[in-house]
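Taking it in order: structure first as structure tokens, then the write-up.
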Amino acid sequence: MPVNSWDPTPRPASYSDRLELELEGGIEEETPRGVRRPGVIAGGVLLAVAVVLTALNLRPAITSVGPLLAEMRGSLGASAIWASVLTTLPGLCFAGAGLAAPLLSRRFGIGSAIGFALAVLTAGLVLRVVDGQLVVLGGTLVATAGIALINVLIPVVIKDSFPARVGMMTGVYTAALQGGGAAGSAGSPPLETAFGGWRLSLGSWAVLAAAALVVWLIASRGTGRAPKPAANAAGARSLMRSPLAWIVTIFFGLQSFIAYVVMGWLPQVFIDSGVSKGDAGLLLGLISVIAVPISLVIPPVAARQGSQSWWIFGMGVCGVAGMLGLLVAPAFSPLLWSVLIGIGMSVFSLALTVIALRARTGAETARLSGMAQGFGYLLAAVGPFVFGLLHDATGSWSVSLIVLIAVTCAQMAVGFLAGRPRFV
């Protein structure tokens, strides 16, 4: 039987129950029931706080830029191409720097690697507000490189340090990540007003990153529950020959393509349609907030079913509806368009779920995740650049939005295939 096909052979009745428990974090393999390892209670609480603080920092560096992009361009005398490069950098970093995460974790340990990444993020957030166009790009490159490392390593920390609560901690982590994204977009315009400029507004997010760094260093070194170095899956078969692995990777890349276009450019689209700068930031924040309850509720329900295809398709329909509204009548109901787009973008949680469900083992899941993120974010990096370039060439957002709608339709089709019950 091909390795990328679904095995229809009936399994024992307990198989689905055990799979569900594993997905929800209800099976703890390393520690017998009733036995706690040294430092588990104190380390668990402290690490949970550190994970939440770290997650809060994984989106503001990106979402805080969109509402202030026009002011940044005016102050720096920057072109639309520069703005496109600025909004493209996160995807490139996520694809490139993320590949270094396993090497750093094996060499220095996951705890030290994440501490280093938080320090890099803090430095980048400060650097990008001290000078002109090239320094802004360089600082953004540094900051998002730190985020890229953390993106890959935090799920390993959750798996290792909270083996009986993987589902709960993943939900908390995702909620904090989305909440941080909402805070970045909604908070930056008021901060700009309070501080009198975009530089201090963007630079102030370094305070949150520094706080996460301090707590992380204490949590990972000062307790008996420091994260372990990642294991090396040497000798494992390559997933490059698996058609399903490529389908999952393309699905992840297309949904990321859409997400980074929205985070980078949607506030400016709203502003150009007559929405105030503050309201545009709040609308982008709403899109992130909508994903919080959806991420906590839908993936566990979808995971219990044989296929996730129709969930992916349905959420994509909502996203297309919101984008069509933005294309045809942007000023009619920006709130409605934002809600629909937010539901569509919440497919990110199902993209992560699909990665786990399409692999048979934890090691295979980790490799599929690495492939999907590495190549997927390369595809995503093209999105903001193309979106901004088309606007600069045509003088309107219409062609850019049509392309985004087409990409969303492609995501629905590929996601439908990725959601079918098969293994890589």
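The values are calculated or read from the model by the stated rules, or taken from the named source; none is laboratory data. It should be emphasised that the depicted structure is a prediction, and the values quoted were computed from it without experimental measurement. Because the Cβ atoms are built from the backbone with ideal geometry, glycine has one as well, and the counts that use them run over all protein chains shown. With ligands, DNA and RNA removed, areas are computed over all heavy atoms of the protein, side chains included. Shrake-Rupley method; radii C 1.70, N 1.55, O 1.52, S 1.80 Å.
Given the criteria open to solvent by 10 Å² or more (accessible area, probe 1.4 Å), at pLDDT below 85 and either part of a helix (DSSP H, G or I) or among the charged types (D, E, K, R) (or both), does Val320 qualify?
no
Tell me, yes or no, whether region 126-143 has at least one residue that is touching a residue at least 60 places away in the same chain (Cβ under 8 Å), assigned to a helix (DSSP H, G or I) and surrounded by fewer than 20 Cβ atoms within 10 Å (Cβ to Cβ).
Scanning region 126-143 turns up at least one residue that is touching a residue at least 60 places away in the same chain (Cβ under 8 Å), assigned to a helix (DSSP H, G or I) and surrounded by fewer than 20 Cβ atoms within 10 Å (Cβ to Cβ).
Test Leu134 against the stated conditions and say whether it is more than 9 Å from Ala209 (Cβ to Cβ) and in contact with a helix residue (DSSP H, G or I) (Cβ under 9 Å, 6 or more places away or on another chain).
no
Please pick out the residue among Val172, Val214, Val166, Val207 that is surrounded by fewer than 23 Cβ atoms within 10 Å (Cβ to Cβ), of a type outside the set (D, E, K, R), over 28 Å from Leu92 (Cβ atoms) and at pLDDT 90 or above.
Val214
Please pick out the residue among Ala70, Ala55 that is among the small types (Gly, Ala, Ser), closer than 23 Å to Leu141 by Cβ, touching a residue at least 60 places away in the same chain (Cβ under 8 Å) and open to solvent by 10 Å² or more (accessible area, probe 1.4 Å).
Ala70
Just checking, does region 341-361 include any residue being open to solvent by 60 Å² or more (accessible area, probe 1.4 Å), part of a helix (DSSP H, G or I) and either free of Cβ contacts under 8 Å to residues at least 24 places away in the same chain or in contact with a Phe, Trp or Tyr (Cβ under 8 Å, 6 or more places away or on another chain) (or both)?
no
Ala331 - would you say it is among the hydrophobic types (A, V, I, L, M, F, W, C) and open to solvent by less than 50 Å² (accessible area, probe 1.4 Å)?
Against the criterion (among the hydrophobic types (A, V, I, L, M, F, W, C) and open to solvent by less than 50 Å² (accessible area, probe 1.4 Å)), Ala331 does not qualify.
Could you list, in sequence order, the residues of region 263-278 that are in a helix (DSSP H, G or I) and closer than 21 Å to Ser400 by Cβ?
Of everything in region 263-278, those that are in a helix (DSSP H, G or I) and closer than 21 Å to Ser400 by Cβ turn out to be Met263, Gly264, Trp265, Leu266, Pro267, Gln268, Val269, Phe270, Ile271, Asp272, Lys277.
Consider only pairs whose beta carbons are under 7 Å apart and that are at least six residues apart or on different chains; among these, list those whose first residue lies in region 310-333 and is over 15 Å from Pro299 (Cα atoms) and whose second residue is of a type in the set (Phe, Trp, Tyr) and part of a helix (DSSP H, G or I).
Going by the 7 Å Cβ cut-off, the qualifying pairs are Gly322/Trp337; Gly325/Trp337; Leu326/Trp337.
Take region 375-399 and flag every residue that is surrounded by fewer than 22 Cβ atoms within 10 Å (Cβ to Cβ) and assigned to a helix (DSSP H, G or I).
Passing the criteria: Phe375, Leu378, Leu379, Val382, Val386, Leu389, Leu390, Asp392, Ala393, Thr394, Ser398, Val399.
Is it the case that some residue within region 251-274 is on the phi < 0 side of the Ramachandran plot, open to solvent by 60 Å² or more (accessible area, probe 1.4 Å) and of a type in the set (A, V, I, L, M, F, W, C)?
Checking region 251-274: not a single residue is on the phi < 0 side of the Ramachandran plot, open to solvent by 60 Å² or more (accessible area, probe 1.4 Å) and of a type in the set (A, V, I, L, M, F, W, C).
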